[in-house]
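Report on the following structure.
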Amino acid sequence: MYDAAPEWPPSGIDPEVPSTARVYDALLGGKENFKADREAAEVFTRALPRIADAARLNRDALARGVRYMVGRAGIDQIIDIGCGLPAAPNTHEVAQELDPRARVVYVDNDPMVLSHGRALLADDRTTTVVTADLRDPAAILTNPDLRAHLDFDRPVALMLLNTLMQIADAEDPDAIIATLMAPLASGSHLFITAWPDTGDPSQRALSRACLETLGNGWARPVEAIRGHFQGMPMVAPGLDFIPRWHPGEADGNVPAAEDLEPFERTHMAGIAVKP
Ligand SMILES: C[S@@+](CC[C@H](N)C(=O)[O-])C[C@H]1O[C@@H](n2cnc3c(N)ncnc32)[C@H](O)[C@@H]1O
């Protein structure tokens, strides 16, 4: 998979301290993780036994959302913030299957993502990886690599998948999102998956496990997640649990929310469109 052998471990990485990107990689069955990450993944699994399946459901939502935005809405530029370590199918793979010219800028603050992303994307001139912090949205928007890849005069899709739970209330996730959306053209899309706090005991145990091992991981009330979309109109079916979320498709055989198992209610997904 990797043509260029990455420096190992990349500089700036402490293998003794678990990182979100590597714990998530471990949950998805990847190989880019250390013992400390696998131990943290076990703590997650004790809290919510099917957390690995929940992570896979989140990746399914990624593919469905990107397919909708590129295939149905005609978006051909994407910023994927908190992209994580490569895990097929990646955003650019899904997008470029539908539109080979689609451009993707991956953003993450974990140096390992940069190292592995660069190796994965070495030959891909339409795709780039930048290291930046979601908590400094102005720096993301002015990043020269990002600006060279994207045309802000045309609609862009902003993706924040499974990442906002790492931003504390005090860091004001809604203000961060508003800053990121402000310069984007009308017709731009905002695609979020996030952890709702529905009162489910295993969900709360998962949030505690995340706080204990990684120092962040706040599940939020559903209305707070809805607020992330800044009141913009939402693509049907709106914000919903992932097994019920099929953007732009007829309702079909959608399971009732009360019939879902706790791992199926770990994430909600939604896409909004900037008027
Ligand atoms: C659970 S992974 C999600 C990966 C991918 N978006 C997905 O949904 O499959 C969360 C990612 O967000 C990144 N992250 C966490 N806080 C961040 C921040 N403040 N700025 C940028 N990236 C961040 C982590 O390094 C990690 O790679």
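The values are calculated or read from the model by the stated rules, or taken from the named source; none is laboratory data. Remember, it's a predicted structure, so these values are computed and weren't measured experimentally. Here the Cβ is made from the backbone with ideal geometry for all residues, glycine too, and neighbour counts use every protein chain on show.
Counting only helices (runs of 4 or more DSSP H) that sit completely within segment 13-76, those holding 3 or more residues that are within 11 Å of the ligand (Cβ to nearest atom) correspond to 20-27, 51-67. Residues in segment 207-224 that are touching a residue at least 60 places away in the same chain (Cβ under 8 Å) and touching an Asp or Glu at 6+ places or on another chain (Cβ under 9 Å): Thr213 alone.
Only residues that are more than 16 Å from the chain's Cα centre (by Cα), modelled with pLDDT of 95 or more and surrounded by 21 or more Cβ atoms within 10 Å (Cβ to Cβ): list them for segment 103-139, please. Within segment 103-139, just Arg103 meets the criteria.
Going through (1) modelled with pLDDT of 95 or more; (2) within 16 Å of the ligand (Cβ to nearest atom); (3) in contact with a Leu (Cβ under 9 Å, 6 or more places away or on another chain) one by one, Phe229 falls short only on (2). Considering only residues in segment 121-139 that are part of a helix (DSSP H, G or I) and in contact with a Ser or Thr (Cβ under 9 Å, 6 or more places away or on another chain), the one that is farthest from the ligand (Cβ to nearest atom) turns out to be Ala138. Residues considered: Leu160, Leu214. Of these, the only one that is more than 17 Å from Leu62 (Cα to Cα) and within 18 Å of the chain's Cα centre (by Cα) is Leu214. Considering Gly65, Gly74, Gly82, the condition of being among the small types (Gly, Ala, Ser) and more than 15 Å from the chain's Cα centre (by Cα) is satisfied by Gly74 alone. Of the residues making up segment 150-163, not a single one is within 13 Å of the ligand (Cβ to nearest atom), more than 20 Å from Ala73 (Cα to Cα) and in a helix (DSSP H, G or I).
Restricting attention to segment 84-112, the residues that are without any contact (Cβ under 8 Å) to a residue 60 or more places away in the chain and within 14 Å of the ligand (Cβ to nearest atom) total 11.
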